[in-house]
1. FRET efficiency for residue 140 and residue 185, Cβ-Cβ distance as r, R0 = 22 Å, nearest 0.05?
2. Quick check: pseudo-label points 7 Å beyond the Cα along Cα→Cβ at residue 272 and residue 22, how many nm apart are they?
3. Give the label of the value calculated from the structure for Rg and Dmax of the Cα atoms in Å, choosing from (i) 20.7, 74; (ii) 22.6, 68; (iii) 19.1, 66.
4. How would 312, 270 line up from fewest to most surrounding beta-carbon atoms within 10 angstrom?
5. Using the number of other C-beta atoms within 10 angstrom as an exposure proxy, rank 137, 192 with the fewest first.
6. If I model a spin label as a point 7 Å beyond the Cα along the Cα-Cβ vector, how far apart are those points for residue 213 and residue 34 in nm?
7. Which angle between 0 and 90 degrees, to the nearest 10, do you get for helix 217-253 versus the longest principal axis of the chain when only C-alpha atoms count?
8. Given the rule -39500 (n - 2.57) for each run of at least 4 DSSP H residues, summed and divided by the residues of the chain, what is its mean residue ellipticity at 222 nm, to the nearest 500 deg cm²/dmol?
């Protein structure tokens, strides 16, 4: 594996960073928290105007027809700024599901609207506090109708459509629903990071459309999760790097006993540990980006590797950033808590860290078996 981003992709990343800095940086997340909003709608509209929602949409459906690597560099900058927008749920997951599994008529109807922002998508997998498995999915799909409840659905208050993992007599299916339907009840749920909104969504004989083949839904969702895991890992690396930059800047400007606190060994070690964790995570993210962009059979292994290392890096960096700031790190006025809260949410958004560790072990065992054979 040998991957580096092209000059055009690096330019896109630089422009994305400049955009978020110009638009307020971390202030956007703080404003959403202070005003109890579901997202920053103004920021989202500007992102749509920039064409980022069109990155993966084929040109035949009025998109840009670009690859996953462009999404990776944008994802890193979204993570760096903690952008409070439904980009991940709508672009990483919903758009990819339509591109891969929707009928031609559905693609023609929805993909151009995703490009323009008229349609915002999300997805529902979890139904209770337990990890979702093929055996415990309870939302029922029968005669094109859905019944049941999904929890922790990201951005459902802003989304117009939703991909639902449901069970039928044929097995697990992916179903597409219009969230504007009167049979659906959407209720906000509490969350540690109030710059990210989550909802409970209840279906009551809700009309739905099958995506792909009946009974293949669990395989579909696993592939979509692997793809999304790589992109979320880039977000986590972006957040990790921003937390390290914040800790470093504070250690150089804060003095104690007449010296910069960054000159003390304890602080040096914290910053060094953060840097090492980020470097490892970034290397694994590049592996994931390569596997994603090349449609490699190693995607599942690469996704789990990137996900686990990036989760660890973000949790470490967000925590040590607080510690580097001392007492100030625990105050509302400093931005340290924004990174800490986002790190906790992202660590469970696609399944717990333990789930991805187990997936990593399973993939490594499978790889070792193939090598021995």
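1. That pair, residue 140 with residue 185, gives E of 0.85.
2. For the pair residue 272/residue 22, the computed spacing is 4.1 nm.
3. So the structure-derived entry is (i).
4. Numbers: 312 19, 270 23.
Ranked by crowding around the Cβ, least crowded first: 312, 270.
5. On the way: 137 24, 192 11.
The fewest-first ordering by Cβ neighbours comes to 192, 137.
6. 5.4 nm
7. 20 degrees
8. Only helices count here, giving -17000 deg cm²/dmol.
Each value in this text was obtained by applying a stated rule to the coordinates, not by laboratory testing. In this text the structure is predicted, and so the values were computed from the model without any measurement. Glycine also receives a Cβ, built like all others from the backbone with ideal geometry; neighbour counts cover every protein chain displayed.
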